[in-house]
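Visitor: My questions will all concern the structure given below.
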Amino acid sequence: MSLANTPAAAAHDHSGHSAHDAAATLDAIAHATAWVKGAGAPAVAAERGDCTIELPLLHAGRQRVTLRYEILGDRALPAVFVAGGISAHRHVAASHAFGENGWWQAQVGEGRTIDPRQLCVVAFDWLGADGSLDAPIDPADQADAIAALLDVLAIDRLQAFVGCSYGAMVGLQFAVRHGERLQQLVAISGVHRAHPYASAWRALQRRAVALGALQCDETHGLALARQLAILSYRTPEEFAARFEAAQVSDGRVRVGAEDYLDHCGATYVERTSPTAYLRLSESIDLQAVDPGAIRLPVTVVAVAEDRLVPLPDAYDLVERLRGETRLRVLRSLYGHDAFLKEEAEVAAVLREALEDCVADARTEVLA
């Protein structure tokens, strides 16, 4: 398939925000009403903040953790939580306050499928993403952390949870553990269990990090782990179309993909700590959800060429879910990374799944 200086936003003050929230809600309704009626749309609101909570972890007991979040769009609008893979973070898309591109810029933003003029987009940094939590982290812990964050933000219910890869796994956990707070789930390239083949890939990646640490070169070990991960994310067909045959250079054989893989490893270690990588990689392998416990609407998106989340596992998930269920199967040379690369196809699926959210947004602001 073909693929193809800004003002800083103030952090949220949790010590006494009822007056602030009331004013913000009135302002949001006024702004949204103006947009619905066709008046000029104001700049989309964006804020970052953090909160520290006590959270009981399934495998590590009660821990004091800091949740770092970003909100894009007015809080009076229906809330959508967006979550990506273990390398994703709270910054989903650019805004006037935070101008750098986010990790899902293709799908989130003004005029895009998840439009913060119509929906309040909430995201956070994964537990353990800063490397400070050196303990087993279950995907269920992430779901509980999201519920705790929603409590802090005074968001009673999500109109939708859109999760990709690890985010889809966490979304399924949220649907089981906090289903009363969720209208619908969109699960892209993530299912109810970790496939043993994919777990074996990740186990070898973690051993690469450990080997690097033994050689006092943990960074090199992490870079190698990332390179192995890239091979599991993508497909042999893409590499065949993209890279040339091996060449002899300076007395050694160098294959066509090595420069690309070196670049992937180098850029990854610049922003990721080895501890964060190890604990979040482990977390994927701890995924265990009973689909029969989920009775809300779920859209499952699978990629036929995905070697980490095989299509039969998506079929198994769909067959065992108990609520209204839709399955969409994409074809992509990019395999597991299709949710980042197949922009038009993913947008079409999201548009179909979220059309009710948008309708609700218009209804609420006009009521």
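The values are calculated or read from the model by the stated rules, or taken from the named source; none is laboratory data. Everything numeric in this text was worked out from a predicted model, so none of it was measured. As a convention, Cβ positions derive from the backbone with ideal geometry for all residues, glycine included, and neighbour counts pool all protein chains shown. The protein model used for the area step is the full one, side chains on, heavy atoms only, and it has no ligands, DNA or RNA in it. Shrake-Rupley method; radii C 1.70, N 1.55, O 1.52, S 1.80 Å.
Visitor: Percent relative contact order of the stretch 44-84, based on C-alpha pairs within less than 8 angstrom and at least six residues apart?
Guide: So the answer I get is 43 percent.
Visitor: Got a sec? What order do Y268, Y334 fall in by accessible area at 1.4 Å, biggest, i.e. largest, first?
Guide: Y334, Y268
Visitor: Roughly speaking, what is the centre-to-centre gap between the stretch 145-224 and the stretch 254-297 when only Cα atoms are used, to the nearest Å?
Guide: Answer, in whole Å: 9.
Visitor: Something else now. With charges set only on the Cβ (+1 for Lys and Arg, -1 for Asp and Glu), what does the dipole of the chain come to about its Cα centre, in debye to the nearest 20? Show your work: numbers first, answer last.
Guide: Values: 33 positive and 48 negative charges, 75 e Å.
My answer is approximately 360 debye.
Visitor: Can you tell which of A194, A106, A147 lies farthest toward the positive end of the dipole of the chain, using +1 and -1 charges on the Cβ of basic and acidic side chains (Lys, Arg; Asp, Glu)?
Guide: A194
Visitor: What Kirkwood hydrodynamic radius do you get for the chain when you take the inverse of the mean 1/r over all pairs of distinct Cα atoms, in Å?
Guide: Every distinct Cα pair counted, the radius reaches 21.4 Å.
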